[in-house]
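Okay, so here's the structure we're looking at.
The values are calculated or read from the model by the stated rules, or taken from the named source; none is laboratory data. Owing to the predicted nature of the structure, the values given are computational and were not obtained by experimental measurement. Quick reminder, even Gly has a Cβ in these numbers, built from the backbone with ideal geometry, and neighbours come from all protein chains shown.
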Amino acid sequence: MTNKSKSKSRKKQRRTAKLEAERSKGSAKSGVINAAKEFERHTLHHHKRKFALRGEECSTRFRRACADFRQAVSEI
């Protein structure tokens with residue numbers, strides 16, 4: 001009985017391009033989200049304190065706006 005040889009003409013299709021695109025999309029998203037968080041923590045810190053002094057409702061609105069922005073970026 002002879003051994004069957006596999007066809008040399010057929011090769012596995014590479015899906016690395018698709019995976020690379022998904023990976024770069026994910027890293028871009030996380031980079032923007034991290035930059036937004038960093039901006040909130042450092043640049044907007046004194047503004048957040050001012051909002052907190054103005055009242056609880058104003059502070060809550062500001063935090064909700066920041067969270068909505070991060071959510072909108074993550075849905076891209």
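Kindly indicate the residue of segment 46-73 that is free of Cβ contacts under 8 Å to residues at least 24 places away in the same chain, under 14 Å from Ala36 (Cα atoms) and of a type in the set (D, E, K, R) and also surrounded by the most Cβ atoms within 10 Å (Cβ to Cβ) among those meeting that condition.
Restricting to residues being free of Cβ contacts under 8 Å to residues at least 24 places away in the same chain, under 14 Å from Ala36 (Cα atoms) and of a type in the set (D, E, K, R), the top hit is Arg63.
Looking only at segment 37-62, count how many residues are in a helix (DSSP H, G or I) and small (Gly, Ala, Ser).
So the count comes out to 2.
Filter segment 27-43 down to the residues that are over 17 Å from Ile76 (Cα atoms) and out of contact with any helix residue (DSSP H, G or I) (no Cβ under 8 Å at 6 or more places or on another chain), then identify the one that is modelled with the highest pLDDT.
The qualifying residue modelled with the highest pLDDT is Glu38.
Which of (1) aliphatic (A, V, I, L, M); (2) in contact (Cβ under 8 Å) with a residue 24 or more places away in the chain; (3) part of a helix (DSSP H, G or I) does Ile76 not meet, given it meets every other one?
So Ile76 meets the others, but not (3).
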